[in-house]
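> Have a look at this one before I ask anything.
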Ligand code: HEA
Ligand code: HEA
Ligand code: CUA
Ligand SMILES: [Cu+2]
């Protein structure tokens, strides 16, 4: 652990905290963890709305049977780009943004460990997404092989835009890896004296483990798309049986990345919920150590379950069984987490401010998504559920009322700290209830159409699926509109409002609350001592 | 018995390995016609095909599943499984149906534009009915083979050509022959369909490598190629007046 | 706990944005090149030039800051963690390709020849095909460059193994020189390492030329050629980068940089070199030998 005094040196300025460059160059050249965090968060919101707009076009087309608005090829482009943008543009950058804002403040550091690289991690993203989104305007359109871009649909049979997809994935990978390295180095090297491993806040813990996952699997994704590129243009036969390869090889490599990737999107959410629950239950977190070990177990298991996305490709039975049981094992550490959150609330002096509402909704709705995941893990069941809307229901439950709700909870929770102003509690509560109700109207019926046999990634469906799809679409529009309210609340809070105290919440705990609201430009110029 | 199932963009091919029967199964025209109209006006919208898979009940059937281009997945929910159809590999699965009836399903792996429009229809019939169907099929195939040697009239060719076009080509080139440029070119006024016959023939038989335009030579009989080419050259205002005979196709192969 | 020591946070960073622009230009240029647009190579070159400029500029700032004593021990540790995690990410990148090799050899090729429950794959689709490794006759021959042979392990590859292992020793000798403040040992050790690195590359290039021209072993020779060139090619690219880094370190050593307690850049380069070395051992065993 560090024993040196840590003071921020704002070269050229004397270390005066609130002085920082103004104008556009402040954002372009910044090395400040809060500025970069802010950039990440706004960027992610923009992408959430971009991906959301595509989702709403999907829902519009699926509102009733028949093709009304888009042609099938365009529909596939919408689905593909919606998935890619939500995963790589909305959820992942949002978590990196939160890590940037919060981790230095939570561990008592002046800034991130590698501030210049931090700037680069962010500033790759707008370029990568410009490249990806520009494919909409190309001949043949955007990539249309699904966000999973299975070969050979994405190789031999794809449009030219597939190459733009490949290289934007490379850029996103570089960005994510650098972001993760930075988080890891910060946590490992920048903790204030006295902050031992088991005193680290859980958000920090879950991010350390997430960073490990990112560094371990983003290069594998880069390898997968590189093989795609080689097959497309340089005559290799990785995914071509005629040359001794196998299209399924792509799926193995992709899902070796893909499954840890879904935990990359959820582990920081677990961390956030573990911060919020104790604050509003006014009780310490139940089972802190167990939470740490559970998170680590989930991360470990995530490397040995990937075949559960491929139960129908014809893998040997022994492999299917191994991956089935390994997948089901994940329910145990995840269950530990869920029960610990419930136990934290048990007999707490609870109040229900907006962050807490989102956190509680997370626990319930994520569990629904987790349980449907467990149904998918059972090989013979998945033979039916695979590639139906049941899968779509599963992953939207874990991602939208899961990851996205946790992001909203985090935003409401820390917004007063970031801005110095309280958000409008009444509007926040309305936003919560609108979101919580419409999200279920949106995603719950998907379970039914999935079980009834509706395949995913289709622009049009048989008549028996019509009623539930109508509900889903209505829910989608309500949910989408409710998010406009979120933007309004955030902007209103940034621009002013009742002043927040340093502690903000009565039950708050942790180093970030010892700083002023808003905090100084460089978080801890002198390191606090953690008892 | 063994049935080989081959996924194509965007239709299924069924080969009865022991009977020497093989045919393609496309989305039924009745569904296709109303996609942009009133889907509620037809029965089994998007779940009906032109040529169903006919199988006997109480017989163990082995399916050998593969694909010709991209990955598809063959899925009839009532049979209890789905199996990916992977180009270059054969996956097997089996069933034994006890209830006669019609079982429907769909392709369950994203396979490109018309992934949502490649349904599956299985007719499980009694063993006697199955035998009768097989005989009828085999006779029809023989008759078609024989008819390849005679001259066909314009009307016969146009009629058969429209049928082939409306099942086999329509997904890409569209009912009105306008295609979906830039990816799928129009047939109406197409320089190929109104130009030299041998180039048109070459394109239909061998396809355009690296594009969705597959080689239809191995998929269609001489009669069918002649018919669909005649149709393309005279429908949609192409009015070239050309007639292509099955024997021309045979020579061109 | 020395007073006045501080964690150095640079005031602003201009190079990252340049780097992003460079990466984008390179990607867009390369894509356009692949699609046959004449502007492609030009854009690619501009991007690459910008990238090189960015590297010069960025590392220059870091070197100046380092030499002027702005970095304390904690900054040094951040760099070390950063480099360690970066190398881990590189390991995983290679793991993807080793995984592909493993899958092809132990799964897809035997399956195509009917192993496991794939008898029908063989019978219906590839009745002639027999599984061998190295795979010289493919399931389908049309459209492929059939290779006439492969590069045997116990020729040039074995020599290259010796060269890289030796270079691992020479860089350690250089490190000892640095630790014991023997500058000439440092410089000589580095010179030897760099020379061995480039010698390795030269041999690799002649091996490629032989394989490509005489043996007709190309990227289009099916899965053997695909995995062979991807693995050895990415490794060769890493050797090139490593050798360039070491060259820079050599020049810095000659300019009097590094002290026995402050020489992170040297160690980072050495770690990287050892990593490249270890990957080669994997290649030698799994690509050439077994
Ligand atoms: C945040 C993202 C996220 C998370 C956290 C999860 C979590 C889980 N997922 Fe999911 N999943 C996705 C995102 C996610 N998934 C995505 C995006 C896809 C589709 C990709 C695509 O094809 O496009 C997918 C697809 C997917 C499939 C493939 C389906 C198919 O295509 O056929 C499977 C199959 O096993 C699966 C399983 C699971 C399981 C077992 C968990 C477990 O981790 C869940 C564990 C949680 C619980 C079980 C609930 C809490 C526990 C308790 C309350 C304890 C008591 C309960 C018991 C002991 C039973 N997921
Ligand atoms: C974190 C990830 C994430 C998130 C947040 C979402 C959010 C949503 N998703 Fe998505 N989804 C995926 C990840 C995600 N999804 C993935 C990975 C796939 C698989 C892709 C594939 O198959 O390849 C998928 C697929 C998918 C499908 C299946 C498509 C198909 O199989 O063909 C559907 C269908 O309903 C859908 C719907 C929605 C809806 C309605 C939302 C809503 O929550 C969105 C809420 C809406 C908004 C936030 C929009 C607000 C905007 C406005 C109100 C107007 C905006 C105006 C302007 C921008 C000017 N998603
Ligand atoms: Cu064929 Cu989907
Ligand atoms: Cu998974």
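> Is it the case, given these coordinates, that residue A:140 is more than 13 Å from chain C (Cβ to nearest Cβ) and not in a helix (DSSP H, G or I)?
The answer is no for residue A:140.
> Let me ask another. If you go through segment A:246-258 one residue at a time, do you hit one that is assigned to a loop (DSSP other than H, G, I, E, B), away from ligand 1 (no atom under 16 Å from the Cβ) and either at pLDDT 95 or above or under 31 Å from the mean Cα position of the chain (by Cα) (or both)?
The answer is yes; a qualifying residue exists.
> When you scan segment A:383-393, do you find a residue that is more than 13 Å from every other protein chain (Cβ to nearest Cβ), touching a helix residue (DSSP H, G or I) at 6+ places or on another chain (Cβ under 9 Å) and more than 16 Å from ligand 3 (Cβ to nearest atom), even just one?
Looking for residues that are more than 13 Å from every other protein chain (Cβ to nearest Cβ), touching a helix residue (DSSP H, G or I) at 6+ places or on another chain (Cβ under 9 Å) and more than 16 Å from ligand 3 (Cβ to nearest atom), one finds at least one in segment A:383-393, hence yes.
> Could you say which residue among A:468, A:524 is away from ligand 3 (no atom under 16 Å from the Cβ), free of Cβ contacts under 8 Å to residues at least 24 places away in the same chain and surrounded by 16 or more Cβ atoms within 10 Å (Cβ to Cβ)?
A:468
> Additional query: Being more than 13 Å from every other protein chain (Cβ to nearest Cβ), in a helix (DSSP H, G or I) and loosely packed, with under 15 Cβ neighbours inside 10 Å is the filter here, so list the residues in segment C:22-63 that pass it.
Within segment C:22-63, C:39, C:41, C:42, C:45, C:49, C:52, C:53, C:56 qualify.
> Further question on the same structure: Return a yes/no flag: does segment A:469-477 have any residue that is away from ligand 4 (no atom under 16 Å from the Cβ) and within 14 Å of chain B (Cβ to nearest Cβ).
yes
> Additional query: I'd like the full set of residues that are within 11 Å of ligand 1 (Cβ to nearest atom) and surrounded by fewer than 22 Cβ atoms within 10 Å (Cβ to Cβ), limited to segment A:399-428.
Hit for segment A:399-428 is A:400, nothing else.
> OK, next. Looking at this structure, is residue A:275 in a helix (DSSP H, G or I) and more than 28 Å from residue A:83 (Cα to Cα)?
The answer is yes for residue A:275.
> Go through segment C:64-111 residue by residue and tally those that are within 16 Å of the chain's Cα centre (by Cα) and not in a helix (DSSP H, G or I).
Number satisfying all stated conditions: 0.
> From the residues in segment C:123-135 that are touching a helix residue (DSSP H, G or I) at 6+ places or on another chain (Cβ under 7 Å) and buried (at least 17 other Cβ atoms within 10 Å of the Cβ), which one is farthest from the other protein chains (Cβ to nearest Cβ)?
Looking at the filtered set, the residue picked out is C:134.
> Exactly one of these conditions fails for residue A:211: (1) part of a helix (DSSP H, G or I); (2) more than 9 Å from chain C (Cβ to nearest Cβ). Give me its number.
(2)
> When residues of segment A:263-312 are filtered for being away from ligand 3 (no atom under 16 Å from the Cβ) and farther than 19 Å from residue A:330 by Cβ, how many remain?
Total satisfying the criteria: 15.
> May I pose another question? Can you tell me which residues in segment A:125-149 are within 16 Å of ligand 2 (Cβ to nearest atom), surrounded by fewer than 24 Cβ atoms within 10 Å (Cβ to Cβ) and farther than 17 Å from residue A:170 by Cα?
Once the filter is applied, which keeps residues that are within 16 Å of ligand 2 (Cβ to nearest atom), surrounded by fewer than 24 Cβ atoms within 10 Å (Cβ to Cβ) and farther than 17 Å from residue A:170 by Cα, segment A:125-149 yields A:136, A:141, A:146.
> Could you check segment A:23-124 for helices (runs of 4 or more DSSP H) lying wholly inside it with 3 or more residues that are within 30 Å of residue B:35 (Cβ to Cβ) and within 13 Å of ligand 2 (Cβ to nearest atom)?
A:33-61, A:72-84
> Across segment B:76-109, which residue is nearest to the other protein chains (Cβ to nearest Cβ) among those that are under 22 Å from the mean Cα position of the chain (by Cα) and more than 20 Å from residue A:251 (Cα to Cα)?
Only one residue fits best here, namely B:106.
Quick grid of which residues meet (1) within 16 Å of ligand 1 (Cβ to nearest atom); (2) within 14 Å of chain A (Cβ to nearest Cβ); (3) closer than 16 Å to residue B:106 by Cβ:
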| residue | (1), (2), (3) |
| --- | --- |
| B:26 | no, no, yes |
| B:37 | no, yes, no |
| B:50 | no, no, yes |
| B:69 | no, yes, no |
| B:74 | yes, yes, yes |
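> Name the residue that is nearest to the other protein chains (Cβ to nearest Cβ), counting only residues in segment B:110-130 that are part of a loop (DSSP other than H, G, I, E, B) and within 16 Å of ligand 1 (Cβ to nearest atom).
B:110
> Turning to a different aspect of this structure: Would you check if residue A:399 is within 30 Å of residue B:105 (Cβ to Cβ), part of a helix (DSSP H, G or I) and within 16 Å of ligand 4 (Cβ to nearest atom)?
yes
> Further, regarding this structure: Quick one: in segment B:1-27, which of the residues that are under 17 Å from residue A:72 (Cβ atoms) and in a loop (DSSP other than H, G, I, E, B) is nearest to ligand 2 (Cβ to nearest atom)?
Only one residue fits best here, namely B:10.
The values are calculated or read from the model by the stated rules, or taken from the named source; none is laboratory data. The shown structure was predicted, so the numbers you read here are calculated from the model rather than taken from an experiment. A quick note on method: Cβ atoms are made from the backbone with ideal geometry, for glycine too, and the neighbour counts reach across all protein chains shown.
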